[in-house]
Structures are given as structure tokens and as C-alpha cells.
Amino acid sequence: MFAVYADQPHKDAPLEGLVVGERPEPQVPDGWVKVNVKAASLNLHDVWTLRGVGIKPEQFPMTLGMDAAGTLDDGTEVVIYPVVNQAGWTDDQTLDPKRTLLTEQHQGTFADQVVVPAANALPKPAGLSFAQAACLGTAWLTAYRMLFTKSGIRPGQTMLVQGASGGVSTALIALGKAAGMRVWCTGTSDEKRALAKEVGADEVFEPGARLPERIPVVFDSVGKATWSHSIKSLIPGGTLVTCGATTGEPESAELTRIFFLQLQVLGSTMGTRSEFADLLSYCATAGLQPAIGQELPMERAKEAFEAMIDGRTGGKLVLTR
């Protein structure tokens with residue numbers, strides 16, 4: 001079958017390991033289902049896989065892609081939940097010490113077909129295209145958990161999103177605006193700040209800009225480049241929710257400010273299957289549609305990866321079949 005995969009890790013030149021070609025058709029274990037992929041979206045995790053981060057060398061070749069939407073053999077339209085848990089795990093899926101994601105131990109979604117546990121194939125909302133639905137499994141689910149499970153923010157309050165054009169950031173903006181928050185955002189260019197306004201931001205600022213007032217909640221997936229600004233933007237008792245560090249680890253944790261102002265710093269990773277089901281329902285009832293920056297046929301996957309590595313996202317990057 002057709003697939004986009006990493007043939008071996010390349011730490012410093014990830015695209016050297018990217019192959020657009022053929023892979024064996026997947027076998028379907030008991031309790032799993034085969035999904036015929038219609039659309040799949042890129043995540044930074046896919047670049048880390050190409051670099052060999054979070055995956056052992058002996059696990060290559062590995063079909064890339066964590067997220068997808070498609071059909072079962074009977075025509076049922078589904079969206080894939082990308083967290084795979086150990087057999088018998090019934091608690092919060094994100095807390096399973098043996099949890100894994102597609103592309104870490106199991107082949108990914110950039111292919112004609114992918115197999116997943118039956119419970120990981122959820123009904124696709126009718127109001128979303130396959131391309132839009134394929135954006136929800138990682139970025140939008142991560143944003144949903146950060147916003148509604150972790151942050152404690154209430155409608156009417158102000159939130160700051162660090163970064164304006166990535167998948168998690170645009171999801172946070174759209175979800176927060178739909179839920180009644182006043183949404184502020186930072187972006188590194190006029191184009192990215194314009195995108196943030198387009199998807200729902202009330203105000204946009206340059207990175208590190210002095211804000212009109214301190215706020216109760218900041219969402220940060222950037223890390224080093226924005227960490228100090230995030231901490232300094234909070235009111236006493238405020239909350240910073242982090243899900244990543246795309247620019248690296250902060251040079252200082254700002255501990256003095258954290259304990260003196262009694263700030264909360266909360267980590268968040270992905271989301272549960274139940275949260276994913278709620279997200280799908282929320283998108284359907286609120287009419288939310290993910291921002292897609294670029295949609296390409298899967299054969300042109302290298303172009304999409306180049307855009308991600310260069311920071312030319314402008315919303316989610318989607319590959320279609």
C-alpha cells in the first residue's frame with residue numbers, strides 16, 4: 001500500500017529519512033479495526049520521529065502520522081484517537097505509564113490504511129470534512145484538555161495564548177472564543193497575528209509585549225522564548241498551562257515569582273478518549289472548524305514537512321488521499 005514513512009532516524013537532517021513509497025498492508029489484530037485513510041494531519045511529533053526521538057532505531061521503518069479521519073470497511077466515517085493504552089487500562093488514558101502514540105510502537109496514519117484499537121475509532125461529526133476532522137486528534141485534543149480540564153478558566157475571563165499559528169494555538173483561540181473567554185494572543189509576524197484574529201483572538205501582540213493588564217491564565221507551548229513573559233503576565237494566584245517547549249527549556253523556571261505570587265504551573269499532555277468524544281460533540285454543536293493552513297495530496301508530504309520545519313504553518317497541515 002502507499003505510505004509516507006521514516007526509513008531510519010536522521011537527528012540533524014530529518015528529511016533525509018523521509019520516504020514516499022510502498023509499505024506492506026497492515027494485519028488487523030483481534031479487537032482492532034482497519035481505517036481507510038481519507039485525510040491525515042501533521043504534528044511536530046512526526047518531525048521528532050524522523051529525528052529518532054521517542055523511538056528506538058530497531059522500530060524503523062515507521063509509517064508517520066498520528067492523526068487521521070477515514071472510513072471503516074462498512075463505510076462508517078470515523079476519526080482516530082491516537083493514544084494506545086496497555087490492555088486492561090481503565091483509568092485516565094494519559095496517565096498510563098505504558099501508553100504510546102501512533103508512530104512510537106504502532107504504524108501511523110500517512111498511508112492508505114491504518115489499524116487501531118476499535119475503541120480508538122470514533123464517529124466523525126457530520127459537519128466536518130475529512131480534512132478538518134483529521135486535525136482534531138492531537139492539537140485540538142491537547143488544547144481542549146488544557147482549556148477545560150486543566151486551567152480552571154471561566155467564561156468572561158481573559159486568557160493569553162503564546163504563539164499564533166500552530167495547531168494547538170489556533171485550537172486554543174477558537175475553543176476559548178467559542179466558550180466565552182476574552183482571548184489574547186502573541187505572534188511573531190503580521191501574518192501570524194492576522195491568522196489569530198481570523199480564528200477568534202480579541203487582541204494580538206508581538207512576543208514579549210507589555211500587556212494592558214495581568215491575566216488569570218496563560219497557555220504556553222513554546223517554552224524558552226516565551227516562558228518569562230508567560231510568568232510575568234499572570235495575576236497573583238494565576239495559572240500557566242504548558243504542553244510543550246518547541247523552542248527548548250527555559251533558562252530559568254522563575255521560581256521566586258512562582259512561589260511569591262502563588263502561581264500554578266500545570267503540565268498537560270494529549271487528552272482522554274472521553275475528552276476526545278466531548279471535543280467532537282463540542283465542534284459539532286458549536287460549529288467549530290479547525291484552521292487548515294495547507295492541504296496537499298499525501299504524495300507531496302515532503303512539502304508539508306518543509307513548511308512545518310520552517311515554521312510556515314498558518315494552521316494545520318493536512319495530507320489527503
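The values are calculated or read from the model by the stated rules, or taken from the named source; none is laboratory data. Since the structure is predicted, the reported quantities are computational estimates derived from the model, not experimental observations. Every residue, glycine among them, receives a Cβ derived from its backbone with ideal geometry; neighbour counts consider all protein chains shown. Keep in mind that these areas ignore ligands, DNA and RNA; they rest on the heavy atoms of the full protein, side chains included. Shrake-Rupley method; radii C 1.70, N 1.55, O 1.52, S 1.80 Å.
Taking Lys38 as the anchor, which aspartates and glutamates have their alpha carbon closer than 15 Å to its alpha carbon, excluding any fewer than eight residues away along the same chain? Cross-link targets: Asp67, Asp73, Asp74, Glu77, Asp112, Glu295, Glu299. The figure for Cys283 is an accessible area of roughly 0 square angstrom, using a 1.4 Å probe on the protein chains alone.
The residues Trp184, Trp89, Trp227, sorted by heavy-atom accessible surface at 1.4 Å with ligands and nucleic acids left out, run Trp89, Trp227, Trp184 from largest to smallest.
For the residue pairs Lys34/Lys177; Lys192/Lys302; Lys150/Lys302, the C-alpha atoms sit more than 32 angstrom apart in Lys34/Lys177; Lys150/Lys302. Backbone phi angles across the stretch 110-118, fed through the Karplus curve with coefficients 6.51, -1.76 and 1.60 (θ = phi - 60°), yield HN-Hα couplings of 7, 6, 4, 9, 9, 10, 9, x, 3 Hz in residue order; Gly and Pro are listed as x. Only the Cβ atoms of Lys and Arg (+1) and of Asp and Glu (-1) were treated as charged; on that basis the dipole of the chain about its Cα centre amounts to roughly 840 debye. Cross-link reach is defined here as a Cα-Cα straight distance under 16 Å, omitting same-chain residues fewer than 8 places apart; for Lys11 the lysines meeting it are Lys56.
Note on the stretch 146-196 and the stretch 1-16: Cα centroid distance 32 Å, given to the nearest whole angstrom. Dividing the mean sequence gap of close Cα pairs (under 8 Å, 6+ apart) by how many residues the stretch 38-170 holds gives a relative contact order of 28 percent. Where in the stretch 183-214 are there GluC sites (Glu not before Pro) that are in a DSSP coil and have at most 10 other Cβ atoms within 10 angstrom of their Cβ? Filter output for the stretch 183-214: Glu213. Once you keep just the Cα pairs under 8 angstrom separated by 6 or more residues, what percentage relative contact order results for the stretch 172-321? Reported as a whole number, the value is 15 percent. For Leu64, the amide hydrogen comes within under 5 Å of the amide hydrogens of Val4, Tyr5, Ala6, Gly108, Phe110, counting only partners 5 or more places away or on other chains and with H modelled in the peptide plane.
Residues in the stretch 44-52 carry Karplus couplings, in order, of 4, 4, 5, 5, 4, 4, 4, 7, x Hz; the curve used is 6.51 cos²θ - 1.76 cosθ + 1.60 with θ = phi - 60°, and Gly or Pro positions show x.
Relative contact order of the chain: 18 percent, from C-alpha pairs under 8 Å at least 6 residues apart in sequence.
The trypsin sites (Lys or Arg not before Pro) of the stretch 1-39 that meet both conditions, a loop assignment by DSSP and at most 16 other Cβ atoms within 10 Å of the site Cβ, are Lys11.
Taking θ as phi - 60° and the Karplus parameters 6.51, -1.76 and 1.60, the scalar couplings of the stretch 23-40 work out to 10, x, 5, x, 7, 10, x, 4, x, 10, 9, 9, 10, 7, 6, 9, 7, 8 Hz in sequence order, x denoting glycine and proline. In the chain, the longest principal axis of the Cα atoms and the axis of helix 273-286 are about 70 degrees apart. Computed from Cα atoms, the angle from the helix 301-310 axis to the main principal axis of the chain rounds to 20 degrees. As I understand it, the value is the acute angle between the Cα axis of helix 190-199 and the longest principal axis of the Cα atoms of the chain; what does it come to in degrees, rounded to 10? Result, in degrees: 80. Spacing of the modelled spin labels on Ala126 and Leu95, each 7 Å from Cα toward Cβ, amounts to 3.7 nm. Of all lysines in the structure, those lying under 17 Å Cα to Cα from Lys224, and not within fewer than 8 positions of it along the same chain, are Lys232.
Of the residues Phe148, Phe130, the one with the largest accessible area comes first in the ranking Phe148, Phe130, computed with a 1.4 Å probe on protein heavy atoms.
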